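See below for the structure under consideration.
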Amino acid sequence: MTATTAGHDAVHDGHDHGHEHAPPRGLWRWLSTTNHKDIGTMYLVLSLTMFFIGGAMALVIRAELFRPGLQLVEPMFFNQMTTMHALVMIFGAVMPAFVGLANWLIPMMVGAPDMALPRMNNWSFWIMPFAFALLLSTLFMDGGGPAGGWTLYPPLSLQTGAAFPFVILSIHMMGVSSVMGAINIIATILNLRAPGMTLMRMPLFVWTWLITAYLLIAVMPVLAGAVTMLLTDKYFGTSFFNAAGGGDPVMFQHIFWFFGHPEVYIMILPAFGIVSQIIPTFARKPLFGYASMVYATASIAFLSFIVWGHHMFTVGMPLAGELFFMYATMLIAVPTGVKVFNWISTMWRGSMTFETPMLFAIAFVVLFTIGGFSGLMLAIAPADFQYQDTYFVVAHFHYVLVPGAVFSIMAAAYYWLPKWTGHMYDEKLGRLHFWCSAIGVNILFFPQHFLGLAGMPRRIPDYALQFAEFNMISSIGAFIFGFSQLIFLWVVIKCVRGGEPAPAKPWEGAHGLEWTVPSPAPHHTFQTPPQITEAEAHS
Amino acid sequence: MSAFRPCGLAATGVLGLWSAAVHADFQLNMTPGVTAVSHRIYELHMLIFWICVAIGIVVFGVMFWSVYHHRKSRGAVAAQFHESTTIEIAWTIVPVLILVGMAIPATKTLVQMEDTSNADLTIKVTGYQWKWRYDYLGEDIGFYSSLKTDARQIHGETDKGEHYLLEVDRPLVVPVGRKVRILTTASDVIHAWWVPALGWKRDAIPGFVNESWAKIDQPGTYRGQCAELCGKDHGFMPIVVVAMNQPDYDKWLADTKAAAASERNSADRVWGKAELMAKGAEVYRSCAACHQASGEGIAGMFPPLIHGKPFSGPEALLEPLRTRGFLSADGKITVGPLDKHAEIVLKGIPGTPMAGYAGQLSDVEVAAVLTYIRNSWGNDFGDAVQPSMIKTLR
């Protein structure tokens with residue numbers, strides 16, 4: 001919680017402009033705030049906290065897997081760590097980080113004074129700390145926390161002990177928070193754009209979030225339904241997922257992945273938006289194909305609803321089902337390719353500089369694409385019968401989520417920190433953080449491709465001797481990557497507390513309304529809406 | 001961005017050091033396997049892999065060329081071109097064509113894999129927490145197959161053997177050159193039966209039966225593991241398939257049938273305590289997954305089996321123990337009456353992880369394991385439980 005205090009002081013220091021009505025001081029300010037910048041900050045602090053908690057769990061996993069044999073933890077606790085690591089990172093680190101960025105940036109990017117529904121905004125944030133307190137507390141309950149994987153497949157998840165209803169309740173709370181946040185974002189974008197800010201003039205970060213918000217509204221209730229059915233199966237005698245009672249355990253997987261696949265894009269579309277803001281800035285050149293980027297995002301979102309079966313190729317689907325899901329999944333490569341080609345064409349014949357945000361953005365393009373390639377391989381159903389549930393899958397989704405989603409969040413933090421704090425971050429430390437992270441993440445996840453292909457299943461606490469070497473390398477990478485994130489923490493704290501004052505537009509090539517307000521951004525911005533012309537629209 | 005290079009260099013350096021110092025095999029790639037299907041899957045995997053590598057070289061090549069040449073520090077001035085519908089259409093259509101090229105061989109392989117007709121023999125594979133059962137349909141034989149690796153190896157008290165965690169007490173035996181249809185199902189939670197050399201894995205789902213097939217080219221021992229998280233010992237339920245030439249297989253089948261028949265007959269005689277204890281120790285190995293080899297269980301989850309040990313946990317777990325006479329009012333485990341004890345082993349305790357073993361253990365095995373539990377770790381309840389008694393309790 002020290003980070004909260006630091007952030008709190010800094011925001012105070014940041015806007016002693018005297019010409020605004022000052023917010024209340026102390027804890028009450030943060031509990032009662034309806035200001036999109038305050039709420040954005042709180043989301044980001046929560047996300048960073050969860051990132052370290054989830055990261056510590058990952059290090060427990062990698063420490064146990066450093067050598068064959070059981071050394072540090074019991075298998076049951078190991079399973080709790082893999083389950084909780086996923087839940088904390090997905091719902092606690094990545095999603096709140098994007099919501100925090102949306103809160104800070106969307107009103108400023110569309111020229112709105114605040115989010116459309118500020119009181120609901122406060123509520124959607126304050127549900128989250130309670131949801132996570134509840135989720136994390138299950139680790140201390142009788143029988144331990146959930147250990148059946150974050151996918152909660154029955155019948156295994158129904159063997160969870162006293163923790164089960166608490167886990168379900170915390171997932172409901174996260175879902176409620178996400179849906180409220182999504183409604184707020186849609187309402188803000190559709191209703192509060194400044195005059196002249198037509199939809200096709202919106203920055204891509206706003207576009208990707210608009211589409212993400214619709215995905216959230218479409219699928220979070222589906223997850224809520226699925227976990228509620230688990231709850232009634234366990235406590236109220238229903239048999240939705242119990243074959244002995246006429247149900248079907250595979251039905252849960254269909255419902256779960258109908259949520260789960262769009263969820264994957266919920267965690268990557270805003271990342272596409274961030275990278276589409278950063279690359280044009282540091283290439284000093286407009287985004288190559290703005291309209292096609294928007295259409296590609298919408299296509300990916302549409303496709304995300306019809307590919308869920310590729311998570312389930314081995315459950316014994318009919319041939320026609322396997323073929324449908326294989327073809328549909330392969331199609332996703334097309335709009336994703338369009339995005340990558342557009343980023344590279346934007347860099348082509350630009351005038352590039354490589355400040356920390358750009359470094360993270362370029363690493364994103366390369367490493368996310370590697371994750372995309374392995375995704376294409378996984379889409380090939382016959383080969384998936386070998387890949388499914390191995391470390392190849394673990395490597396794949398970590399490539400798209402860590403140097404994908406997480407790197408984009410890091411890039412965003414460095415890019416907009418001067419706007420948030422009014423200070424430049426320490427560029428040397430930022431680059432150090434980048435290089436440690438980029439090297440660490442590859443040592444961590446690249447050998448996992450080899451492990452999976454050689455036959456190592458995922459979610460096992462101990463393994464056969466032929467997997468020993470790559471596991472050891474992977475664990476070394478994990479510790480390099482994990483501890484490098486302390487550099488990030490230090491850079492953020494240092495930047496919040498002081499540093500070279502940032503001008504309104506610290507990046508030479510930046511475009512967009514957020515750079516027209518002073519740094520740090522005043523507590524209230526665009527109380528009089530700006531007028532947007534074609535020339536000032538997206539870069 | 002020459003600075004990307006240290007990353008590659010560091011990785012190569014680390015790899016180099018390791019391969020010099022360690023005997024290991026560093027398997028990098030998927031096995032081509034030992035069936036026609038696994039060969040086709042391997043070729044498909046390599047085809048897609050090389051296509052991805054080629055695309056990667058072009059795309060990253062263009063990007064890094066640009067990163068190197070179009071940098072401000074080299075005096076590059078930004079062009080301002082953007083938007084080109086022609087280019088956007090081109091880089092939509094070209095990937096579609098490449099994907100069609102991938103989809104054609106993938107579809108052919110998939111159709112071949114899904115054809116389970118005209119099998120020479122059928123084996124039903126059932127997943128249990130945490131072992132497998134193999135039933136040879138029509139041959140009237142079936143047996144369990146569980147991890148053989150010594151717990152001391154897992155806990156680092158002795159050296160790990162060559163097939164650490166990939167060895168079982170009774171492997172699945174199949175003939176080579178015959179189409180074996182494999183039906184997978186499960187009794188408790190979802191498992192997945194996977195032997196990489198056969199080219200596929202299939203989920204084993206309680207209440208449902210999945211079909212796959214394999215026709216193995218060459219005799220040998222092929223090892224695999226459960227691939228779907230199935231609880232505490234998910235990492236400890238390996239699969240071993242031994243493929244034999246037809247004559248060897250026929251001999252194995254005859255021997256196994258004879259052994260099963262004599263096992264069935266042995267239930268009718270009176271057993272001595274020493275032989276019950278010996279057999280019980282063997283049977284208890286599958287109980288040890290939860291109750292531990294020491295009989296001490298795991299706090300809060302799996303009760304100890306030792307008289308007088310304290311145990312606490314969720315009330316849903318304690319209450320059935322109390323009503324059956326296995327937990328005293330002050331929270332200590334008691335070894336209750338024999339008939340209740342047998343009932344727990346045979347029928348399990350509904351609503352808890354304790355499953356019923358009536359379908360899995362023979363009368364001899366139940367009698368032996370009860371004798372073992374009631375006379376080990378300081379328990380001293382003297383009884384040599386007879387198989388005939390278990391028969392009446394079923």
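Out of A:372, A:316, I need the residue that is of a type outside the set (S, T, N, Q) and in contact with a Gly (Cβ under 9 Å, 6 or more places away or on another chain). Which one?
A:372
Quick check on this structure: which one of A:439, A:460 is within 9 Å of chain B (Cβ to nearest Cβ), at pLDDT 95 or above and farther than 17 Å from residue A:370 by Cα?
Sole residue among the options that is within 9 Å of chain B (Cβ to nearest Cβ), at pLDDT 95 or above and farther than 17 Å from residue A:370 by Cα: A:460.
Search the stretch A:270-304 for residues being among the small types (Gly, Ala, Ser) and within 13 Å of another protein chain (Cβ to nearest Cβ), and hand back the single one that is nearest to residue A:350 (Cα to Cα).
Applying the filter and picking the extreme gives A:283.
Would you check if there is a residue in the stretch A:271-285 being surrounded by fewer than 20 Cβ atoms within 10 Å (Cβ to Cβ), farther than 27 Å from residue A:89 by Cα and at pLDDT below 95?
Within the stretch A:271-285, not a single residue is surrounded by fewer than 20 Cβ atoms within 10 Å (Cβ to Cβ), farther than 27 Å from residue A:89 by Cα and at pLDDT below 95.
Determine if the stretch A:271-291 includes at least one residue that is among the charged types (D, E, K, R) and closer than 30 Å to residue A:386 by Cβ.
No, the conditions are met nowhere in the stretch A:271-291.
Among the residues in the stretch A:249-257, are any more than 24 Å from residue A:325 (Cα to Cα), of a type in the set (Val, Ile, Thr) and part of a helix (DSSP H, G or I)?
No, the conditions are met nowhere in the stretch A:249-257.
Within the stretch B:78-120, which residues are more than 7 Å from chain A (Cβ to nearest Cβ), polar (S, T, N, Q) and in contact (Cβ under 8 Å) with a residue 60 or more places away in the chain?
Residues satisfying the conditions are B:112, B:116, B:118.
Can you give me the number of residues within the stretch A:16-46 that are among the aliphatic types (A, V, I, L, M) and modelled with pLDDT of 95 or more?
Looking only at that region, the number is 5.
Please enumerate the residues belonging to the stretch B:308-334 that are part of a loop (DSSP other than H, G, I, E, B) and crowded, with 18+ Cβ neighbours inside 10 Å.
B:311, B:313, B:326
Is there any pair linking a residue in the stretch A:401-420 that is without any contact (Cβ under 8 Å) to a residue 40 or more places away in the chain to one that is surrounded by fewer than 24 Cβ atoms within 10 Å (Cβ to Cβ), with Cβ under 8 Å and at least six apart or on different chains, and which?
As it stands, the answer is none, since no pair meets every condition given.
Taking the residues in the stretch B:168-206 that are more than 28 Å from residue B:43 (Cβ to Cβ) and surrounded by fewer than 18 Cβ atoms within 10 Å (Cβ to Cβ) as candidates, determine which candidate is farthest from the other protein chains (Cβ to nearest Cβ).
Result: B:170.
Could you list, in sequence order, the residues of the stretch A:107-155 that are crowded, with 17+ Cβ neighbours inside 10 Å, part of a helix (DSSP H, G or I) and among the hydroxyl-bearing types (Ser, Thr, Tyr)?
Listed by number, the residues that qualify are A:124, A:138.
Do the conditions hold for residue A:313, that is, is it in contact (Cβ under 8 Å) with a residue 24 or more places away in the chain, at the interface with another protein chain (Cβ under 10 Å from one of its Cβ atoms), aromatic (Phe, Trp, Tyr) and crowded, with 24+ Cβ neighbours inside 10 Å?
In short, yes.
Just checking, how many residues over the stretch B:9-50 are hydrophobic (A, V, I, L, M, F, W, C), at pLDDT 60 or above and in a loop (DSSP other than H, G, I, E, B)? Give the steps one after another, and end with the answer.
Let us first name the residues in the stretch B:9-50 that are hydrophobic (A, V, I, L, M, F, W, C), namely B:9-11, B:14-15, B:17-18, B:20-22, B:24, B:26, B:28, B:30, B:34, B:36-37, B:41, B:44, B:46-50.
Checking the rest, the ones that are also at pLDDT 60 or above come to B:26, B:28, B:30, B:34, B:36-37, B:41, B:44, B:46-50.
Applying the additional criterion that residues be in a loop (DSSP other than H, G, I, E, B) yields B:26, B:28, B:30, B:34.
Going through the stretch B:9-50 one residue at a time, the tally reaches 4.
Quick check on residue A:429: is it more than 14 Å from chain B (Cβ to nearest Cβ), within 21 Å of the chain's Cα centre (by Cα) and either part of a helix (DSSP H, G or I) or under 19 Å from residue A:97 (Cβ atoms) (or both)? So that I can check it myself, show each step before the final result.
On the way: more than 14 Å from chain B (Cβ to nearest Cβ): yes; within 21 Å of the chain's Cα centre (by Cα): no; either part of a helix (DSSP H, G or I) or under 19 Å from residue A:97 (Cβ atoms) (or both): yes.
Spelling it out, it is not the case that residue A:429 is more than 14 Å from chain B (Cβ to nearest Cβ), within 21 Å of the chain's Cα centre (by Cα) and either part of a helix (DSSP H, G or I) or under 19 Å from residue A:97 (Cβ atoms) (or both).
Which number in (1) of a type outside the set (A, V, I, L, M, F, W, C); (2) surrounded by 17 or more Cβ atoms within 10 Å (Cβ to Cβ); (3) in contact (Cβ under 8 Å) with a residue 40 or more places away in the chain marks the one condition that residue B:352 misses?
Going through the list (1) of a type outside the set (A, V, I, L, M, F, W, C); (2) surrounded by 17 or more Cβ atoms within 10 Å (Cβ to Cβ); (3) in contact (Cβ under 8 Å) with a residue 40 or more places away in the chain, residue B:352 breaks only (3).
Could you go through the stretch B:215-233 and let me know if any residue there is touching a Pro at 6+ places or on another chain (Cβ under 7 Å) and of a type in the set (Phe, Trp, Tyr).
no
Filter the stretch B:211-235 down to residues that are within 13 Å of the chain's Cα centre (by Cα) and either farther than 28 Å from residue B:151 by Cβ or surrounded by fewer than 24 Cβ atoms within 10 Å (Cβ to Cβ) (or both), then give me how many there are.
Restricting attention to the stretch B:211-235, the residues satisfying the condition of being within 13 Å of the chain's Cα centre (by Cα) are B:223-235.
Restricting the remaining residues to those that are either farther than 28 Å from residue B:151 by Cβ or surrounded by fewer than 24 Cβ atoms within 10 Å (Cβ to Cβ) (or both) gives B:223-224, B:231-233.
Going through the stretch B:211-235 one residue at a time, the tally reaches 5.
Restrict the check to the stretch A:320-330 and report whether at least one residue is buried (at least 20 other Cβ atoms within 10 Å of the Cβ), within 18 Å of residue A:209 (Cα to Cα) and more than 9 Å from chain B (Cβ to nearest Cβ).
Checked the stretch A:320-330: no residue is buried (at least 20 other Cβ atoms within 10 Å of the Cβ), within 18 Å of residue A:209 (Cα to Cα) and more than 9 Å from chain B (Cβ to nearest Cβ).
Please enumerate the residues belonging to the stretch A:454-488 that are under 28 Å from residue B:156 (Cβ atoms), of a type in the set (A, V, I, L, M, F, W, C) and in contact with a helix residue (DSSP H, G or I) (Cβ under 6 Å, 6 or more places away or on another chain).
Scanning the stretch A:454-488 gives A:456, A:460, A:467, A:470, A:473, A:478, A:480, A:481.
Looking for whichever is modelled with pLDDT under 95 and either under 17 Å from residue A:386 (Cβ atoms) or in contact with a strand residue (DSSP E or B) (Cβ under 6 Å, 6 or more places away or on another chain) (or both) here; the options are B:199, B:224, B:231, B:207. Which one fits? Write out each step before concluding.
On the way: B:224 fails: modelled with pLDDT under 95; B:231 fails: either under 17 Å from residue A:386 (Cβ atoms) or in contact with a strand residue (DSSP E or B) (Cβ under 6 Å, 6 or more places away or on another chain) (or both); B:207 fails: either under 17 Å from residue A:386 (Cβ atoms) or in contact with a strand residue (DSSP E or B) (Cβ under 6 Å, 6 or more places away or on another chain) (or both).
Being modelled with pLDDT under 95 and either under 17 Å from residue A:386 (Cβ atoms) or in contact with a strand residue (DSSP E or B) (Cβ under 6 Å, 6 or more places away or on another chain) (or both) holds for just one of B:199, B:224, B:231, B:207, which is B:199.
Quick check: is even one residue across the stretch B:66-74 touching a residue at least 24 places away in the same chain (Cβ under 8 Å), surrounded by fewer than 18 Cβ atoms within 10 Å (Cβ to Cβ), more than 7 Å from chain A (Cβ to nearest Cβ) and over 30 Å from residue B:173 (Cα atoms)?
Initial filter on the stretch B:66-74 (touching a residue at least 24 places away in the same chain (Cβ under 8 Å)): B:67-68.
Going one step further and asking which of them are surrounded by fewer than 18 Cβ atoms within 10 Å (Cβ to Cβ), we end up with B:68.
Cutting the leftovers down to more than 7 Å from chain A (Cβ to nearest Cβ) gives us B:68.
Keeping just the survivors that are over 30 Å from residue B:173 (Cα atoms) gives B:68.
Checked against the condition, which is being touching a residue at least 24 places away in the same chain (Cβ under 8 Å), surrounded by fewer than 18 Cβ atoms within 10 Å (Cβ to Cβ), more than 7 Å from chain A (Cβ to nearest Cβ) and over 30 Å from residue B:173 (Cα atoms), the stretch B:66-74 yields at least one hit.
Run down A:370, A:344 and say which single residue is at the interface with chain B (Cβ under 7 Å from one of its Cβ atoms), assigned to a helix (DSSP H, G or I) and not aromatic (Phe, Trp, Tyr).
Details: A:370 fails: at the interface with chain B (Cβ under 7 Å from one of its Cβ atoms).
Step by step, each of A:370, A:344 is checked, and only A:344 is at the interface with chain B (Cβ under 7 Å from one of its Cβ atoms), assigned to a helix (DSSP H, G or I) and not aromatic (Phe, Trp, Tyr).
Those residues that are more than 7 Å from chain B (Cβ to nearest Cβ) and within 21 Å of the chain's Cα centre (by Cα), I need them from the stretch A:373-390; list them, please.
Residues satisfying the conditions are A:374, A:375.
Has the stretch A:47-68 got any residue that is modelled with pLDDT of 90 or more, on the phi > 0 side of the Ramachandran plot and buried (at least 16 other Cβ atoms within 10 Å of the Cβ)?
No.
The values are calculated or read from the model by the stated rules, or taken from the named source; none is laboratory data. Bear in mind the structure is a predicted one, so any value in this text is a computation, not a measurement. Methodologically, a virtual Cβ is constructed for each residue, glycine included, from the backbone with ideal geometry; neighbour enumeration extends over all protein chains shown.
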